[in-house]
Amino acid sequence: ETPLLAADFYGFQSTLTPEEQASLGRIRAFLEGELKPIADEYWDRAESAVHLIPRFAELGVFGAAWPETRQFENSELYRAWVALEIARVDPSSCTLVGVHNGLGMTSIAVGGSEEQKAEWMGPMARGEVIGAFGLTEPGHGSDTARGLETTATRRGDEWVLNGAKRWIGNATFADMVIIWARDTADDQVKGFIVRTPAIGFTATKIERKQSLRGVQNADIVLEDVVVPERDRLQRIDSFRDLAVVLRLTRAGVAWQAIGVAVGAYEAALAYSKERVQFGKPIASYQLTQEKLATALSNITASIAMCVRLAEMEGEGEQHDHHSAMAKAFTTKMMRETVALCREIAGGNGIQLDHGLARFFADAEAVYTFEGTYDMNQLIVGRAITGIAAFR
Ligand code: FAD
């Protein structure tokens, strides 16, 4: 039997089925045995642990959400815990998986035709084909819905793409990149599967990143990239359709944020029991215990919120503002938590070898991507007031 995560203080994992718990236990053993020992080194070298992609595939992490690719029937909650467990060990690998499995596969599953699903879902679930998702541009992050400048021009049976993308995860080694571009005929945003390498397509790694260094992000340039009509996502007609993908993946990032907080909390707890000052472990001091209690309360409140969010997804009741609230709240809690935990480790908290610094730094990117804290709060604000503050 798989033990519940100690940081799951209210025992939420106990509501998973025995099969789900067993699968989660196998995934945790892999993460702790194979990923944890190398995570700091990959982060330090700013490299992705791509050699572990086949292991993620074997363990059924890719495509677990979809009937055509899942290894066994499972719940939204199970998949959410998988994201948390990966982030708890390595937020960068969680992002690599999230881009491929979340953004990439969800785009095909939600936006693709039956033929497109038949072509891509199996190979992506097996990790034979790796996906990326290109929405953000150098000039447009928060305002992609209205500002997206990359163009798609129809030319007979094909499309010609022109523009630039920024921050695109996995794009340096992905086999396909979903590029979101504005149709020059009707001004609507559409999705295109660009099979890479492609003529006119370049992806350059963004160097000197100081957060999520173990995942590679790219600047992409598209110069007259030709995509056949059969590689346009057939069930996406506008940004509204794309927003369905983002709603689902945003909920996953909320769980990723909890995982980042859990990773930091566990490291801080272990450190506080070993570090002796004034003749006693620092864990014995009230101020340290208060920080640990605050960290675990933040984690517990975040899990409770997201457990209900996962249920709502299963019930078809999850709207944009629900996942926006969860993403904003859990990332805010995460930011406070990793800072408290870093503080517990004193000076060693800023150095990779003590298990804290990576989580502390990685939290910043998780706070910002998939909609910044501000934008997600404004989506909630719109739902509360009926007034959009960001048009
Ligand atoms: P901006 O939009 O320029 O925002 C800057 C600041 O202004 C923020 O604090 C924001 O909240 C605030 N702001 C903006 N507008 C308003 C407003 N109306 N009211 C109040 N405040 C406002 N994108 C992809 O497409 N694919 C990926 O794979 C991908 N991976 C990423 C990985 C990493 C590590 C990072 C850092 C980013 C990634 N992104 C990806 C991009 C990410 O989604 C954007 O960074 C994010 O949407 C914010 O956009 P921006 O960075 O351009 O910030």
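Which one, 155, 195, 230, has the greatest fluctuation when you compute a Gaussian network model over the chain with C-alpha springs under 10 angstrom? Maximum fluctuation in the GNM of the chain, among the listed residues, is at 155. Per residue, the average separation of C-alpha pairs within less than 8 Å and at least 6 apart gives the chain a relative contact order of 17 percent. Going from the residue with the fewest nearby Cβ atoms within 10 Å to the one with the most, 142, 211 rank 142, 211.
Across the cross-link table entries 209/291; 117/205; 36/332, which are compared at the Cα atoms, the separations over 27 Å belong to 209/291; 117/205. At an R0 of 25 angstrom, the distance between the Cβ atoms of residue 50 and residue 221 translates into a FRET efficiency of 0.65.
For the pair residue 293 and residue 36, the difference between a 0.36 nm per residue extended length and the Cα-Cα distance amounts to 90.0 nm.
If you plug the beta carbon distance of residue 14 and residue 199 into 1/(1 + (r/R0)^6) with R0 = 51 Å, you get a FRET efficiency near 0.45.
Assuming a ≥ b ≥ c are the square roots of the Cα gyration tensor eigenvalues, decide whether region 1-158 counts as rounded (a/c under 1.5), prolate (otherwise, with a/b larger than b/c) or oblate. Judged from the Cα gyration tensor, region 1-158 comes out prolate (a/c at least 1.5, a/b above b/c). Across region 268-385, Cα pairs under 8 Å and at least six residues apart give a relative contact order of 27 percent. Couplings for region 66-79, taken from phi via the Karplus curve 6.51 cos²θ - 1.76 cosθ + 1.60 with θ = phi - 60°, read 10, x, 6, 10, 6, 7, 7, 5, 8, 9, 4, 5, 4, 5 Hz in order; Gly and Pro are left as x. As a proxy for reagent exposure, 370, 128, 119, 20 were ordered by neighbouring Cβ count within 10 angstrom, fewest first; the result is 128, 119, 20, 370. The charge dipole of the chain, taken about its Cα centre with unit charges on the Cβ of Lys, Arg, Asp and Glu (plus for the first two, minus for the last two), comes to roughly 860 debye. In whole Å, what is the distance between the alpha-carbon centres of region 309-363 and region 101-142? Cα centres, region 309-363 to region 101-142: 25 Å.
Here region 149-265 is assigned +1 on the Cβ of each Lys and Arg and -1 on the Cβ of each Asp and Glu. Its dipole about the Cα centre then comes out at about 540 debye.
Bear in mind that the values in this text are calculations on the coordinates, not laboratory data. None of the values given here were measured: they were computed from a predicted structure. For neighbour counting, all protein chains shown are included, and Cβ atoms are generated from backbone atoms with ideal geometry for every residue, glycine included.
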